[in-house]
1. Within segment 82-183, list the chymotrypsin sites (Phe, Trp or Tyr not before Pro) lying in a DSSP loop whose Cβ has at most 12 other Cβ atoms in a 10 Å radius.
2. Per residue, how much space in cubic angstrom lies within the convex hull of the C-alpha atoms of segment 118-174?
3. Hey, rough spin-label estimate for Tyr169 and Thr139, points 7 angstrom out along Cα→Cβ, what's it come to in nanometres?
4. Are there any GluC sites (Glu not before Pro) in segment 83-183 that are in a DSSP loop and have at most 11 other Cβ atoms within 10 Å? List them by number.
5. May I ask you to give the average projected area over all directions of the convex hull of the Cα atoms of segment 89-141, in nm² rounded to one decimal?
6. Please work out the Cα convex hull volume for segment 71-178 and give it in Å³ per residue.
Amino acid sequence: MLRLHLFSLILLNNACSVFESLGIEISIIYIFYETRIPMKSFKATFIEATVTLTVLGLTLLATSSFATSNPQIRECHRLGGEFLVAESRQDQFGFCKFDEAIIGAMDLVRQLDSQDTVGSIITYRNFIQTCEPYGQFLTYLDLEKKPLKLCIFEDGSALNEQALSAGRYSPLNIKLTAALGLD
């Protein structure tokens, strides 16, 4: 019995370590002392919880590994943005959100990788606050089905209407301006 209990503690400790490496804090409280749960019942529950935490931890670790290997997500997070996905009727697209400003995540990658500045960044950098004639407004839905009105430029790059119309020096765009190195 003691061997099984120690093995369970080791598994639970490993599961907690996985969560902590992902920035999730886990607190284990030994309830059976206070509630007088029989040791046999506690062991079964303890082992189930350990296995569940281990599987959940490994799933989260795999998901975070994917996020760090995806250049769009990685670049967005590196610049201090929040990666989000929005969809049109045809496809899903990645965007990077800096407070209220939203820019195409691929725009950031393209600028970083090839120093090839894209339409969204050129327009923003040059204080242009209108979408037309450089692109057209389209409405996308984020995964929570909230509409995002985006200016889609000829090269496929994107910037949301609010960031574009507010302009580069707007308080709404401070984080985007800093992320693009335009401050």
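Values quoted throughout were computed directly from the atomic coordinates according to the rules given, and no laboratory measurement underlies them. Predicted model, so just to flag it, every value in this text is computed and none were measured. No Cβ is skipped: glycine too gets one built from the backbone with ideal geometry, and neighbour counts run over all protein chains shown.
1. Loop-located and lightly packed - Phe127, Tyr169.
2. 79 Å³
3. In this crude label model, Tyr169 to Thr139 measures out at 3.3 nm.
4. Those that pass, being in a loop and sparsely packed, are Glu144, Glu154.
5. The number I arrive at for segment 89-141 is 4.5 nm².
6. Residue-normalised Cα hull volume stands at 94 Å³.
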